[in-house]
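The block underneath contains the structure these notes are about, expressed in C-alpha cells.
The values are calculated or read from the model by the stated rules, or taken from the named source; none is laboratory data. Note that this is a predicted model, so its numbers are computed, not measured. Reconstructed Cβ throughout: ideal geometry from the backbone, glycine too, with neighbour counts over all protein chains shown.
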Amino acid sequence: MTMNLDFTSVHPSLPFILQGIGVTLQIVCLAGILGFLFGVILSLCKISSIKVLNWIADAYTSIFRGTPLILQLMIIYYGSPQILGYQIEPVAAAVLAFALNSAAYISEIIRAGILAVDKGQKEAAMALGVPYRPMMLNIILPQAMKNILPALMNEFITLTKESAIVTTIGVMDIMRRAYQVGADQFKFIEPLLLAGIIYYLMVTVLTFLGKIVERRMRSSD
C-alpha cells in the first residue's frame, strides 16, 4: 500500500493557511507578554516574607501546572457564559488561558533566576538604603534575566506550538485553517503537513532570534 501525496491540489489554499500565522502570533505574543508580567508578580510573591502570598502563589502554580492546558482553555471559553454571564471571544479566551498557564511556569523560572543572583548584590543594595522595589527592578531582575533567558525562550517556543489547541474552540489559526482545507478537499495529510512545516519554521526563527538576544546580553557583561 502506497501513500500518494499531491500538494498541487492544496497549493491554491496556501495563502489561506498562511493567514493563520498572524492569528497565531497575535495570541502567542499577547499571552507571552501577559504571562511574563503575571509571572514576575507570582515569583515575587513566592520569595516574599509574607507567608500568605507564598501560599497563594504556590497554590496557583500547582493548579495550573497540574491540569491540562486544553482543560483550562475550555473552562474559560465554554464556562464564561455560566461564570460571567456572557460568551468570551475565542481569541480573548485563548490569550487569557495561555497567559494564566504560562505565568505559572514563568514564575518558577524567574524565581529560580532571582535566587541564583549573588546574595551580596541584595545585601549591598540594602546597605546603601535602596528600597525593595527599585532594588528588584533595577538590580536583581536584570541580572536574573540574563541567566533565565534561554528558559524563557524555551517557554515562548513551547507556547507557540501549544497554541495549536485553539482550533478546538474555533479560532482560525494555522491548524484550524489547514484542517478546514483538508475537510473541503477530503485530503488531510497535505494541508496538515504544510501546517507542520509552518510551525517548524516559526520555531526555528524564534530559536535563532533567541540565540542572538542571548549572545548580545552576555556580551554586554
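Within segment 147-160, the set of residues being of a type in the set (A, V, I, L, M, F, W, C) and either modelled with pLDDT under 90 or more than 19 Å from ILE198 (Cβ to Cβ) (or both) comprises ILE148, LEU149, ALA151, LEU152, MET153. Here is a check on your reading of the model: is SER163 hydroxyl-bearing (Ser, Thr, Tyr), farther than 30 Å from HIS11 by Cα and either modelled with pLDDT under 90 or part of a helix (DSSP H, G or I) (or both)? Judged against the criteria, SER163 is not a match. In this structure, is ILE169 under 19 Å from ALA31 (Cα atoms), modelled with pLDDT under 90 and among the aliphatic types (A, V, I, L, M)? Criteria not met by ILE169.
Here is the figure for segment 5-28: residues that are in contact with a Leu (Cβ under 7 Å, 6 or more places away or on another chain) and polar (S, T, N, Q) total 0.
Table: residues versus (1) free of Cβ contacts under 8 Å to residues at least 60 places away in the same chain; (2) within 19 Å of the chain's Cα centre (by Cα).
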site: GLY129; (1), (2): yes, no
site: ILE165; (1), (2): no, yes
site: GLY170; (1), (2): no, no
site: ARG177; (1), (2): no, no
site: ILE197; (1), (2): yes, no
site: THR204; (1), (2): yes, yes
site: ARG215; (1), (2): yes, no
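Being surrounded by 14 or more Cβ atoms within 10 Å (Cβ to Cβ), under 21 Å from LEU159 (Cα atoms) and among the β-branched types (Val, Ile, Thr) is the filter here, so list the residues in segment 53-87 that pass it. Of everything in segment 53-87, those that are surrounded by 14 or more Cβ atoms within 10 Å (Cβ to Cβ), under 21 Å from LEU159 (Cα atoms) and among the β-branched types (Val, Ile, Thr) turn out to be THR61, ILE70, ILE75, ILE76.
Looking at segment 1-77, the helices (runs of 4 or more DSSP H) lying wholly inside it that each contain 3 or more residues that are in contact with an Asp or Glu (Cβ under 9 Å, 6 or more places away or on another chain) and at pLDDT 90 or above sit at 20-46. Mind listing whichever residues of segment 185-210 are part of a helix (DSSP H, G or I) and over 16 Å from THR160 (Cβ atoms)? Of everything in segment 185-210, those that are part of a helix (DSSP H, G or I) and over 16 Å from THR160 (Cβ atoms) turn out to be GLN185, ILE189, GLU190, PRO191, LEU192, LEU193, LEU194. Can we say GLY182 is assigned to a helix (DSSP H, G or I), among the small types (Gly, Ala, Ser), closer than 27 Å to ALA93 by Cβ and out of contact with any Leu (no Cβ under 8 Å at 6 or more places or on another chain)? It is false that GLY182 is assigned to a helix (DSSP H, G or I), among the small types (Gly, Ala, Ser), closer than 27 Å to ALA93 by Cβ and out of contact with any Leu (no Cβ under 8 Å at 6 or more places or on another chain). Among the criteria (1) surrounded by 15 or more Cβ atoms within 10 Å (Cβ to Cβ); (2) under 17 Å from the mean Cα position of the chain (by Cα); (3) not aromatic (Phe, Trp, Tyr), the one PRO150 does not fulfil is (1).
Checked against the criterion of being under 28 Å from ILE197 (Cβ atoms) and surrounded by 14 or more Cβ atoms within 10 Å (Cβ to Cβ), segment 40-52 contains not a single residue that satisfies it.
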